[in-house]
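Data first, discussion second: the structure below is written as structure tokens.
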Amino acid sequence: MSRKLLDLWVGIFVALGLAGVLFLALKVGNLASGNFAETYQLTANFANIGGLKVRAPVKSAGVVVGRVVDIHFDPQAYEAVVSVSIDGRYKFPKDTFALILTAGLLGEQYVGLDPGGDEKMLAANDVITKTQSAVVLESLISQFMFNKASESPSEQ
């Protein structure tokens, strides 16, 4: 094998390796899901979003139906406003619940959509009014500790 042919194969191998590393980096960062389908935006207000991040998945029945596109704070209502982009193939009733859930015990947080039974469907730029905030583990532990500490010795 000549030196030029060997250099060519090494170059191809290095290029494939770099392409693989780039693909894995995009996959880990949730950026590789290039979905060019028609989408529509919905918003929902939450009292507490926990660790929800932009680009987090939006799931219904365990299937990813969209992504979180924006999170900001509403200074009048003192709530977090979460904007999501939903794949146009999926339509949800007006009385759909939006919940912030956690994948596993300490996994990433995502928005879960629990469809209702209304015949009217959500349209672009609608607001999901029925929401449930994130369950914050630290709050649950502090409530448990406070309740245990407030019990009198005669109750134990």
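The values are calculated or read from the model by the stated rules, or taken from the named source; none is laboratory data. This one's a predicted model, so the numbers in the text were calculated from it and none came from an experiment. In this analysis, Cβ positions are derived from the backbone assuming ideal geometry, glycine residues included, and neighbour counts consider all displayed protein chains. Note: areas computed on protein heavy atoms with side chains; ligands, DNA, RNA excluded. Shrake-Rupley method; radii C 1.70, N 1.55, O 1.52, S 1.80 Å.
Return yes or no: is F146 open to solvent by 60 Å² or more (accessible area, probe 1.4 Å), free of Cβ contacts under 8 Å to residues at least 12 places away in the same chain and either polar (S, T, N, Q) or in a helix (DSSP H, G or I) (or both)? Against the criterion (open to solvent by 60 Å² or more (accessible area, probe 1.4 Å), free of Cβ contacts under 8 Å to residues at least 12 places away in the same chain and either polar (S, T, N, Q) or in a helix (DSSP H, G or I) (or both)), F146 qualifies. For the range 107-133, the set of residues classified as touching a Leu at 6+ places or on another chain (Cβ under 7 Å) and either surrounded by fewer than 10 Cβ atoms within 10 Å (Cβ to Cβ) or among the small types (G, A, S) (or both) consists of G112 only. The conditions of being at pLDDT below 90, open to solvent by less than 50 Å² (accessible area, probe 1.4 Å) and of a type in the set (A, V, I, L, M, F, W, C) are met by A32.
Find the residue count for the range 76-96, including only residues that are touching a Gly at 6+ places or on another chain (Cβ under 7 Å), in a strand (DSSP E or B) and surrounded by fewer than 20 Cβ atoms within 10 Å (Cβ to Cβ). Looking only at that region, the number is 3. Condition first: more than 12 Å from T131 (Cβ to Cβ), open to solvent by 30 Å² or more (accessible area, probe 1.4 Å) and in a strand (DSSP E or B). Now tell me which residues in the range 36-70 satisfy that. Passing the criteria: T39, Q41, K59, V63, V64, R67, V69, D70.
Can we say V127 is part of a strand (DSSP E or B), within 16 Å of G51 (Cα to Cα), β-branched (V, I, T) and out of contact with any Gly (no Cβ under 9 Å at 6 or more places or on another chain)? No, not satisfied.
F73 meets all of the listed conditions (1) part of a helix (DSSP H, G or I); (2) surrounded by 10 or more Cβ atoms within 10 Å (Cβ to Cβ) but one, namely (1).
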